[in-house]
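Heads up, the thing below is written out as structure tokens.
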Amino acid sequence: MRTWIKVAVTAAVLGGVLVGADRIALSMAQSRAADELAGRQGISGRPSVAIDDFPFLTDLIDKKLGSVHLSAAQMQLTGGGRSFQLQDFSAQLNGVQVDDGLRSATVDSGHGSGRISYQEVQSLMGLDARTSIAYGGPGQLKVGYEVLGQRITTTVKLRTQGNQVLVAGVGDLPGVGALPGVSGMVSSAIGSKSFTLQGLPVGLNLDQVAPQPDGLQLSFQGSKVHLVG
């Protein structure tokens, strides 16, 4: 009986040591990956990297990780001929094939999200000081436009075409905006606007845009993308 107890205790201790070693290796790998990504692929500063694998060492030997989660407070993108900040970027990458030093990886599939302030959206679309943009309710932006010395308020919906964001339609134009000629002028000034995003995060592509109270939420997707390296 005592022999079995000793065997059980020894197995428990060895199991604890192996699990501890696995978790230490995981922590080191996450830190190494964050260092490799810092300041690269548009990431501003050092991102947070979380590898969701257990046992990690077995997967590392096979050089294939189940999933990796990335997050960064800011990313540098370009669009409309200028640079701007994508806020609160987060991405889930699945099926990550890594090299020996965790310096590069290929990803089977991934999705992510980030946010652009409405001030940035206004600038990216090339709207002048006569125009203001704010949240207009689910799926809509509220647009204020000055014409004939008066302020007209309407709503617009956005859509995506590849990595381009376009105005899908302009809502009703009440008051002076409904006058003949004014409606067409406003629709032309606002409805023709668009911008194209470049340098998208970690090889993902733009999928959808959704107006939110704190800014324009962007969703990304991608497959067979290359990460770092």
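The values are calculated or read from the model by the stated rules, or taken from the named source; none is laboratory data. Just so we're clear, the structure is a prediction, and the values are computed from it rather than from any experiment. In this analysis, Cβ positions are derived from the backbone assuming ideal geometry, glycine residues included, and neighbour counts consider all displayed protein chains.
Brief remarks on what is shown
- Meeting the requirement of 3 or more residues that are under 16 Å from Leu218 (Cβ atoms) and at pLDDT 80 or above, the strands (runs of 3 or more DSSP E) wholly within segment 128-203 are 150-161, 164-170, 194-198.
- Whenever a residue of segment 209-226 is among the hydroxyl-bearing types (Ser, Thr, Tyr), its partners that are in a strand (DSSP E or B), lying with C-beta atoms within less than 7 angstrom and at least six residues away or across chains, give the pairs Ser219/Ser113; Ser219/Asp207; Ser219/Gln208; Ser223/Asp108; Ser223/Ser109.
- Inclusion of Val209 among residues that are under 15 Å from the mean Cα position of the chain (by Cα), at positive phi and outside the structural domain of Val98 (by TED's automatic domain parsing) is not warranted.
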